[in-house]
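Take a look at the structure set out below.
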Amino acid sequence: MLSVNELTDRLIDLSFAEDIGDGDHTTLCCIPEDAMGKSKLLIKEDGILAGVEVAKEVFRRFDPDLQVEVLIGDGQPVRKGDVAMVVSGRVRSLLQTERLMLNIMQRMSGIATMTHRYVKRLEGTHTRVLDTRKTTPGMRMLEKQAVKIGGGCNHRIGLFDMILLKDNHVDFAGGISQAIHRCHDYLKAKNLDLKIEIEVRNLGELQQVLDCGGVDRVMLDNFSVADTRKAVRMVNGRFETESSGGITLDTIRDYAECGVDFVSVGALTHSVKGLDMSFKAC
């Protein structure tokens, strides 16, 4: 399995390949090769900054001679008009790295900002906000990193680091008990030690899980607040509980106050707005 750094390197290489191709002809035609300059990262919207360390790697991989002065780090609040970093070096390099750096930082900062808003709504409860696998292909590691920078928690990274028996798995397996038993047989046969979570669609399915046992967490999918409260009482601490399905900034507090351990929010990554910023000559 590739490491986070290896995946990030591949993403950067692919991104430069699709953006620059056989050459940035606009820059090459009008900027002398030896021209030197400086650009600043200008914040144009209030939020939480994320992606600074990745941006430094973008600059380093393209041109190791670029000098990056970080003024505001990852996880710090930013306001419109702030300057987060200043980069000095070859003007051609500044122009050719601009868009990739902005694409990454705007998206990561947007995710961190949205996550921070959800986390603030949960203050005073023990509930934590989780991300999902609803991420941009190729950018999952960066987007999940942005969730952590914003104060949230990562759910499983992919299909390899946790068992999550969802409704389709249960239906294709023939039922809840069958899915759970097959899961344990598989883990034993493969000598794997993975957490097991199962999704339930109603209180009847939850009772089946309670009768069967053998899981670490139950996902309450598209439960009402009232049924979530009943479900938490039924579980009574036997395993972790997670609310999921259409939960918004307006409703997350209601679910948290039911006593669930986690609330997963796909909107943190699948439909977030990037934080507005620009990279300007200075």
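The values are calculated or read from the model by the stated rules, or taken from the named source; none is laboratory data. Quantities reported herein were computed from a predicted structural model and do not represent experimental measurements. Cβ coordinates were reconstructed from backbone atoms using ideal geometry, including for glycine residues, and neighbour counts include every protein chain displayed. To get the accessible areas, we keep the full protein, side chains included, count just its heavy atoms, and leave off ligands, DNA and RNA. Shrake-Rupley method; radii C 1.70, N 1.55, O 1.52, S 1.80 Å.
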Residue set 217, 238, 253, 233; condition in contact with a Phe, Trp or Tyr (Cβ under 9 Å, 6 or more places away or on another chain) and of a type in the set (Lys, Arg); output residue 217
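Taking the stated definitions as given, is residue 86 at pLDDT 95 or above and closer than 30 Å to residue 152 by Cα? Step through it out loud before you land on a result.
On the way: at pLDDT 95 or above: yes; closer than 30 Å to residue 152 by Cα: yes.
Taking the combined requirement at face value, the residue satisfies it.
A quick yes/no check of all residues on (1) touching a residue at least 40 places away in the same chain (Cβ under 8 Å); (2) surrounded by 11 or more Cβ atoms within 10 Å (Cβ to Cβ):
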site: 189; (1), (2): no, no
site: 199; (1), (2): yes, yes
site: 206; (1), (2): no, yes
site: 223; (1), (2): no, yes
Filtering segment 93-116 for residues that are of a type in the set (D, E, K, R), over 26 Å from residue 268 (Cβ atoms) and buried (at least 21 other Cβ atoms within 10 Å of the Cβ) leaves a count of 0
Reported set for segment 272-282 where residues are touching a Gly at 6+ places or on another chain (Cβ under 9 Å) and surrounded by fewer than 19 Cβ atoms within 10 Å (Cβ to Cβ) is 273, 274, 276, 281, 282
Flagged pairs (Cβ under 8 angstrom, 6 or more apart or on separate chains; first in segment 4-27, open to solvent by 60 Å² or more (accessible area, probe 1.4 Å); second basic (Lys, Arg)) are 13/61; 19/99
Exception for residue 72 within (1) within 22 Å of the chain's Cα centre (by Cα); (2) surrounded by 19 or more Cβ atoms within 10 Å (Cβ to Cβ) falls at (2)
Being surrounded by 18 or more Cβ atoms within 10 Å (Cβ to Cβ), within 30 Å of residue 186 (Cα to Cα) and within 14 Å of the chain's Cα centre (by Cα) narrows 133, 140 down to just 140
Within segment 239-254, of all residues that are open to solvent by 10 Å² or more (accessible area, probe 1.4 Å) and assigned to a strand (DSSP E or B), the one nearest to residue 197 (Cα to Cα) is 240
Note to self: Against the condition out of contact with any helix residue (DSSP H, G or I) (no Cβ under 7 Å at 6 or more places or on another chain) and either touching a residue at least 60 places away in the same chain (Cβ under 8 Å) or surrounded by 14 or more Cβ atoms within 10 Å (Cβ to Cβ) (or both), how does residue 269 come out, does it pass?
What the structure shows: no
